[in-house]
Amino acid sequence: MGGAVSAGEDNDDLIDNLKEAYYIRTDLVERAFRAIDRADYYLDEYRDNAYKDLAWRHGNIHLSAPCIYSEVMEALELHPGLSFLNLGSGTGYLSTMVGLILGPFGVNHGIELHADVIEYAYQKLDSFIKTSDSFDKFEFCEPSFVVGNCLEIPPESRHYDRVYCGAGVQKEHEEYMKNLLKVGGILVMPLEEKLTKIVRTGLSSWETKKIISVSFAPLVLPKHSPKSKPKMAPLPKYEVRTLQELARICIRHTLRVTTDGGDGQARGRGSSFSVGRGLAAAGLHKYGPRFKRRRVHRRHCNTLMLATRQVVAGGGMAPASLDNNNNQEGRVEDEEAVAGELLRPQPAVNILRERILGLPLPEPLKMYLLYYREK
């Protein structure tokens, strides 16, 4: 399946062709596609074919055509903080692009039938994290993959906001797939030779839309002997983030913001994907107009020494007013008060609980900590 657009000389050429043919229609999806070079997911001897709009298979390794991935990404209507399940996650190419949009407070899970493909996917993920400039320019939701048949997911498993199936779904398994969704969630899958988008509008109500004609290999059915119990394929576990992880995420976010100029261009690296644009698209760059950029930068730099203090003070506390000698009134007193509060025999998470409602933190972090507050 594929061949809908002309071949490109490189990844940007391919994306330009997909935009021109209207397969890529939104800036968010375009940024994700440009951030990850499709050729990086090919074996070296096949890289010359990476920018053709064609599917590729080698043994168990498989990539769908770029036009198909484009339609899938657009149909999923992704935004930060969602939970995503990739059925037949393959090389991890799609899951990694999705992770660039979901951000650090999303959930990014995949299940794949073949163990060798899972190993390949983790190799590619590790290479992306260690070598790609894009990893430093996006808030990333790292995918987790497990080996198993997607038709053997335990019925008590969690539901997801977004689900994609990368194999042809037989009509008798349509209800099974739909029940993996939360209310309001979106399922995209090949169903009866059509790429189909299904929105769960209620506990037992759905809206279905056919997108384009496709040809996918069908789902592999589980093999059970009459006397054996069905084998279950548990999905990756969802774990509540530790305070240390939250502090690290906040620090990384602050560092990205402080390297962003007021014009939206990243300092120090020339790129069409500036930090500011990436954060703005993800809904994470929301400093109010009353914060002056230079003072916020100075305050951030002074508060990176303590992780807990970074979460409290580095989230954008308003700088103190200036007197006639350009000295900040009450700055010493304010910092001593914060330090005294941190030194009390009180867990740092309690400080977050007490002060989170008054801080201009990124909205996904605030929502996550408010949820944590109730636990």
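The values are calculated or read from the model by the stated rules, or taken from the named source; none is laboratory data. Everything quoted here is computed from the prediction, not taken from an experiment. Backbone-built Cβ (ideal geometry, glycine too); neighbour counts: all protein chains shown. Please note that ligands, DNA and RNA were not included when accessible areas were found on the heavy atoms of the full protein model with its side chains. Shrake-Rupley method; radii C 1.70, N 1.55, O 1.52, S 1.80 Å.
Here is how the numbers come out for the structure above:
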| item | result |
| --- | --- |
| Subset tally (residues that are without any contact (Cβ under 8 Å) to a residue 60 or more places away in the chain, over 30 Å from Val257 (Cβ atoms) and of a type in the set (Asp, Glu)) for the range 128-173 | 2 |
| Criterion (over 30 Å from Pro236 (Cα atoms) and β-branched (Val, Ile, Thr)) met by exactly one of Ile15, Ile36, Ile61 | Ile15 |
| Hits in the range 78-92 (condition: within 19 Å of Leu187 (Cβ to Cβ) and outside any strand (DSSP E or B)) | Leu78, His79, Gly81, Leu82, Gly88, Ser89, Gly90 |
| Hey, Asp13 open to solvent by less than 70 Å² (accessible area, probe 1.4 Å), of a type in the set (Asp, Glu) and within 22 Å of Ser215 (Cα to Cα) or not | no |
| Residue pairs meeting the criteria (Cβ under 8 Å; at least 6 apart or on separate chains; first under 24 Å from Ser83 (Cβ atoms), in the range 226-246; second of a type in the set (Asp, Glu) and open to solvent by less than 70 Å² (accessible area, probe 1.4 Å)) | Met232/Glu152; Ala233/Glu152 |
| Flag if Asp126 is at pLDDT 95 or above, outside any loop (DSSP other than H, G, I, E, B) and surrounded by fewer than 17 Cβ atoms within 10 Å (Cβ to Cβ) | yes |
| Whichever residue in the range 129-176 is in a helix (DSSP H, G or I) and under 22 Å from the mean Cα position of the chain (by Cα) and, among such residues, is modelled with the lowest pLDDT | Asp136 |
| Residue count, the range 202-245 (criterion: under 21 Å from Asp161 (Cβ atoms) and among the aliphatic types (A, V, I, L, M)) | 5 |
| One residue from Tyr160, Tyr122, Tyr176 being closer than 21 Å to Ile61 by Cβ and of a type in the set (Ser, Thr, Tyr) | Tyr122 |
| Which listed residue is in contact with a Pro (Cβ under 8 Å, 6 or more places away or on another chain), crowded, with 23+ Cβ neighbours inside 10 Å, free of Cβ contacts under 8 Å to residues at least 60 places away in the same chain and not in a loop (DSSP other than H, G, I, E, B), from Ser70, Ser95 | Ser95 |
| Residues (open to solvent by 10 Å² or more (accessible area, probe 1.4 Å) and of a type in the set (Gly, Ala, Ser)) located in the range 108-119 | Ala115 |
| Count of residues meeting criterion [in a loop (DSSP other than H, G, I, E, B) and under 15 Å from the mean Cα position of the chain (by Cα)] in the range 20-53 | 1 |
| Check on Phe216, at negative phi, among the aromatic types (Phe, Trp, Tyr), buried (at least 16 other Cβ atoms within 10 Å of the Cβ) and part of a helix (DSSP H, G or I) | no |
| One residue from Gly59, Gly3 being more than 17 Å from Gly92 (Cβ to Cβ) and more than 25 Å from the chain's Cα centre (by Cα) | Gly3 |
| Complete set of residues in the range 16-39 that are touching a residue at least 24 places away in the same chain (Cβ under 8 Å) and open to solvent by 70 Å² or more (accessible area, probe 1.4 Å) | Arg25, Asp27 |
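The rows are residues; the columns are (1) buried (at least 20 other Cβ atoms within 10 Å of the Cβ); (2) touching an Asp or Glu at 6+ places or on another chain (Cβ under 9 Å).
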| position | (1), (2) |
| --- | --- |
| Phe135 | no, no |
| Val147 | no, yes |
| Cys165 | yes, no |
| Asn179 | no, no |
| Val183 | no, no |
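A quick yes/no check of all residues on (1) touching a residue at least 24 places away in the same chain (Cβ under 8 Å); (2) surrounded by fewer than 21 Cβ atoms within 10 Å (Cβ to Cβ):
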{"position": "Tyr41", "(1), (2)": "yes, no"}
{"position": "Lys52", "(1), (2)": "yes, yes"}
{"position": "His58", "(1), (2)": "no, yes"}
{"position": "Ser64", "(1), (2)": "yes, no"}
{"position": "His79", "(1), (2)": "yes, yes"}
{"position": "Ile101", "(1), (2)": "yes, no"}
{"position": "Gly106", "(1), (2)": "yes, no"}
{"position": "Ala121", "(1), (2)": "yes, no"}
